[in-house]
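Accompanying notes for the structure given below.
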Amino acid sequence: CPPPAWPDTVSDVSFQGALVTWEPTGSEAYEYFVSDVNSISGPEIASDITSDAEAAIEGLEPATVYYVFVRGICDGEPGIWSLGTPFTSKGGGVVLCDGTTMQENYCSYQNQVVEWMYVSDDGSPLRIEFQSGFVGNQSLQAWDGPTPSGAAGYTGTGNITGTHFQAASGVMFIRLTTDNGACHAQDWYLPVQWRIGCRNCTDPLVTFA
């Protein structure tokens, strides 16, 4: 009863879940195990038995590396476990529309892609304000929506302090792509710092003369 071919396919990754699929092997069922350690004896994050060649994983923590293992079950007996397929959950989370903001402080590494997704808890528009950061030749982009589809609504270059972006849909997707220039490699690449909150207030109005 061999395990499915390695690696598994991990898609629909968010800050709290992911969809794992694998090639069917003809087994009557499959067992999967998810851990934040690359070992079947690591802490259990999620596990179950399914007759389908896929599993929806929930209850993940943002910006965390996970490993998923799968094995087949034939004639009621489990086979051997596959190697662990690694994946990283997105950063971000649910933004509470109670007047508070979520804060991010990220120091980038060379040649990497990091993604965040934020969702307002009541559907209110989201507003992000970049409080500091130098991105140089890196690409910092934001989209109004849950995926990076179409042209980015925001692209930050150089010193991004004081810039901002608003997502009317209540969902914001952010992607930081680096090359050889990065915060952990050069001192002048400052960490990217931002705050994000719900844009559910009314602007104060004044009379000026």
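Report yes if some residue within region 110-130 is hydroxyl-bearing (Ser, Thr, Tyr), assigned to a strand (DSSP E or B) and within 20 Å of the chain's Cα centre (by Cα); otherwise report no. Write out each step before concluding.
Initial filter on region 110-130 (hydroxyl-bearing (Ser, Thr, Tyr)): 118, 120, 124.
The next check asks that each one be assigned to a strand (DSSP E or B); those that pass are 118, 120.
Subsequent filtering for residues that are within 20 Å of the chain's Cα centre (by Cα) retains 118, 120.
For region 110-130, residues hydroxyl-bearing (Ser, Thr, Tyr), assigned to a strand (DSSP E or B) and within 20 Å of the chain's Cα centre (by Cα): present.
So, Ser39, is that one within 18 Å of Thr88 (Cα to Cα), surrounded by fewer than 16 Cβ atoms within 10 Å (Cβ to Cβ) and touching a strand residue (DSSP E or B) at 6+ places or on another chain (Cβ under 6 Å) or not? Can you show your working first?
Values: within 18 Å of Thr88 (Cα to Cα): yes; surrounded by fewer than 16 Cβ atoms within 10 Å (Cβ to Cβ): yes; touching a strand residue (DSSP E or B) at 6+ places or on another chain (Cβ under 6 Å): no.
For Ser39, the condition - within 18 Å of Thr88 (Cα to Cα), surrounded by fewer than 16 Cβ atoms within 10 Å (Cβ to Cβ) and touching a strand residue (DSSP E or B) at 6+ places or on another chain (Cβ under 6 Å) - is not met.
Out of the residues in region 164-199 that are farther than 30 Å from Gly99 by Cβ and in contact with a strand residue (DSSP E or B) (Cβ under 7 Å, 6 or more places away or on another chain), state the one that is modelled with the highest pLDDT. Talk me through it step by step, then tell me what you get.
Residues of region 164-199 farther than 30 Å from Gly99 by Cβ: 177-189.
Those left that are additionally in contact with a strand residue (DSSP E or B) (Cβ under 7 Å, 6 or more places away or on another chain): 177, 188-189.
Numbers: Thr177: 91, Trp188: 84, Tyr189: 87.
Filtering first and then ranking leaves Thr177.
State whether one or more residues within region 40-55 are on the phi > 0 side of the Ramachandran plot and not charged (D, E, K, R).
No, region 40-55 contains no residue that is on the phi > 0 side of the Ramachandran plot and not charged (D, E, K, R).
Out of the residues in region 156-187 meeting the condition of being open to solvent by 80 Å² or more (accessible area, probe 1.4 Å) and closer than 11 Å to Val135 by Cβ, tell me which one is farthest from the chain's Cα centre (by Cα).
Among those that are open to solvent by 80 Å² or more (accessible area, probe 1.4 Å) and closer than 11 Å to Val135 by Cβ, it is Asn159.
Being part of a strand (DSSP E or B), open to solvent by 70 Å² or more (accessible area, probe 1.4 Å) and either touching a residue at least 60 places away in the same chain (Cβ under 8 Å) or over 30 Å from Leu176 (Cα atoms) (or both) is true for just one of Ile73, Ile49, Ile80. Which residue is that? Step through it out loud before you land on a result.
Numbers: Ile73 fails: open to solvent by 70 Å² or more (accessible area, probe 1.4 Å); Ile80 fails: part of a strand (DSSP E or B).
From the options Ile73, Ile49, Ile80, the qualifying one is Ile49.
Identify the residue in region 22-36 that is over 18 Å from the mean Cα position of the chain (by Cα) and closer than 17 Å to Glu58 by Cα and, among all such residues, is most open to solvent (accessible area, probe 1.4 Å).
Going residue by residue through region 22-36, those that are over 18 Å from the mean Cα position of the chain (by Cα) are 22-33.
The next check asks that each one be closer than 17 Å to Glu58 by Cα; those that pass are 31-33.
Details: Glu31: 43, Tyr32: 25, Phe33: 22 Å².
Looking at the filtered set, the residue picked out is Glu31.
Provide a single number: the residues in region 83-104 that are under 30 Å from Gln186 (Cβ atoms), in contact with a Ser or Thr (Cβ under 9 Å, 6 or more places away or on another chain) and open to solvent by 20 Å² or more (accessible area, probe 1.4 Å).
Matching residues across region 83-104 total 2.
With respect to the numbered conditions (1) of a type in the set (A, V, I, L, M); (2) farther than 26 Å from Val113 by Cα; (3) modelled with pLDDT under 95, which one is the sole condition not fulfilled by Val13?
(2)
Would you point out which residue out of Ala142, Ala151, Ala167 is more than 25 Å from Ala56 (Cα to Cα) and without any contact (Cβ under 8 Å) to a residue 12 or more places away in the chain? Let's see the steps before the verdict.
Numbers: Ala142 fails: without any contact (Cβ under 8 Å) to a residue 12 or more places away in the chain; Ala167 fails: without any contact (Cβ under 8 Å) to a residue 12 or more places away in the chain.
Going through Ala142, Ala151, Ala167 in turn, the sole match is Ala151.
The values are calculated or read from the model by the stated rules, or taken from the named source; none is laboratory data. A quick note: this is a predicted structure, and the numbers were derived from the prediction, not measured. Note that we place each Cβ from the backbone using ideal geometry, even for glycine, and neighbour counts take in every protein chain shown. These accessible areas exclude ligands, DNA and RNA; they are computed on the full protein's heavy atoms, side chains included. Shrake-Rupley method; radii C 1.70, N 1.55, O 1.52, S 1.80 Å.
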